[in-house]
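The numbers here are math on the coordinates, done by the rules we state, and not lab data. None of the values given here were measured: they were computed from a predicted structure. Cβ placement follows ideal geometry from the backbone for every residue including glycine, while neighbour counts extend to all protein chains displayed.
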């Protein structure tokens, strides 16, 4: 496939640029890529990184899913029901721009320092991104589709099921794509303290020990995590959104 | 039978009422056919929405005796791009709660009748305008309507496709004994398909004339002298209305 080849080619160029930068900079803080890659493969092969990779993946994934399953129904309802939208949109306007990361202390007091707090913070931040996009998608569905459903005698639930949800899915997927980047960034933040597992911890710990190769190995793994989520989303999109590719 | 008794429709703008339709009265016999024609912006579509029950009249009444099953084709077909052709056709039955087997059989039958065999799994976006129109017709016919409402169903098609589909609509009306009500801006289409032609005035739409056109209903009508005569007469009526509009 042409797309796969293009991605490999882009990866190669980035590695070359990295290599050149490392050679020019001659700093401990930027090791050469082949050293990092060898370290990464070594740690993956002996299994010492697998636990952290698994726990980070599940935190990110659960956070995104928690946000998805709460934000989508709420966003569809706010977008499609005028009176509900009128009542709730002001709250979204006020709450969306708040940097939700600052709520971490409160979340920790409420839910402790375990996994749930981490997942909850990821979900909270991603929630608003998906909510706003879903609401706007549901709001801008052409009237014609509703008239057509009315002529077929559809109930409110059937209109959600056959029109509002499927018409909004492409934009929901776009929101998810943006959310993956956010989720990985927040993942690093929540794993950088009060935990001894996860890729974020590996990065912070390596930094503290001035183990720059280990630090970059953590970064590579985190990037790979985000990339895998992208690929997963692409696959889901091709399955459930075939109609958008037909023009 | 469909009876429209001095029906009116107005949209409220603050304290002012913007009249769209005024004092519309006509009737359509069971198994009859009726074409509604008028200058653009005269409220043709609003009138069809009233007849199909998508809007309620603000004055007068619309009576349909016997509460017949109805099918409606909206402008630009009203097909759902996220559903396959087969899913679009079967939607009315799915909404009525028909079981999967029955929906499947009916869809297959209609694909066959409308010359769409092999396109059931396609998306509407992959089909030509004429084919999309046949899908819309199939979807309206799926629920075995006794009365069929159509809003400019053929306006976006090329001349030959138009004629072929006019023949198809004629065939549906005649062979299935379906009462048809058609909104159009094409004089030829109104004369070919409407046994009774309702000519509307400029906005606010009033009934300008009701033209009886009893010979409509056979495919050869297009080649007869009377057909040309009716077209000429209808054109003269409409011309008069347009001449009053602007210099």
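Some points to look at:
- Helix A:165-191 and the longest principal axis of the Cα set of chain A meet at an angle near 30°.
- Computed [θ] at 222 nm, deg cm²/dmol, chain A (DSSP H ≥ 4; -39,500 (n - 2.57); rounded to nearest 500): -26500 deg cm²/dmol
- From least to most packed, judged by other beta carbons within 10 angstrom and beginning with the fewest, A:93, A:230 follow the order A:93, A:230.
- Per-q log10 I(q)/I(0), chain A, q = 0.07, 0.08, 0.14 Å⁻¹ (Debye; single scatterer per alpha-carbon; no solvent): -0.32, -0.42, -1.02
- Between 0 and 90°, nearest 10: helix A:50-80 axis offset from chain A longest Cα axis: 20 degrees
- Shape of the protein assembly as shown, Cα gyration tensor, a/c cut at 1.5: prolate
- The value of relative contact order for segment A:46-246, using C-alpha pairs under 8 Å at least six residues apart, is 27 percent.
- Neighbour counts of C-beta atoms inside 10 Å place B:104, B:13, A:142 in the sequence B:13, A:142, B:104, starting with the fewest.
- Dividing the Cα radius of gyration of segment B:73-134 by its Kirkwood radius returns 0.94 for Rg/Rh.
- Calculated FRET efficiency for the pair residue B:12/residue B:171, C-beta based, R₀ 45 Å, to 0.05: 0.60
- Springs join every pair of Cα atoms under 10 Å in this Gaussian network model of chain A, and among A:102, A:126, A:169 the largest mean-square fluctuation is at A:102.
- Sum of -39500 (n - 2.57) over DSSP H runs of 4+, divided by residues of chain B (222 nm, nearest 500): -12000 deg cm²/dmol
- Length-normalised contact order for chain B - Cα pairs under 8 Å, 6+ apart - percent: 27 percent
- Nearest-ten-degree value, helix B:100-113 long axis tilted from longest Cα axis of chain B: 60 degrees
- Overall form of segment A:125-247 per C-alpha gyration tensor (a/c, 1.5; a/b vs b/c): prolate
- Counting neighbouring beta carbons within 10 Å and listing from fewest to most, the residues A:157, B:173 come out as A:157, B:173.
- Using a Förster distance of 35 Å, the FRET efficiency for residue A:136-residue A:223 (Cβ separation, nearest 0.05): 0.70
- Net length available on complete extension from residue A:230 to residue A:93 is 46.5 nm, with 0.36 nm assigned per residue and the Cα-Cα distance removed.
- Prolate/oblate/rounded call for segment B:90-247, Cα gyration tensor, a/c under 1.5 rounded: prolate
- Cα pair count fraction exceeding 19 Å, expressed as % - segment B:1-132: 62 percent
- Calculated FRET efficiency, residue A:240 to residue A:209, Cβ-Cβ distance, R0 = 51 Å: about 0.70 to the nearest 0.05.
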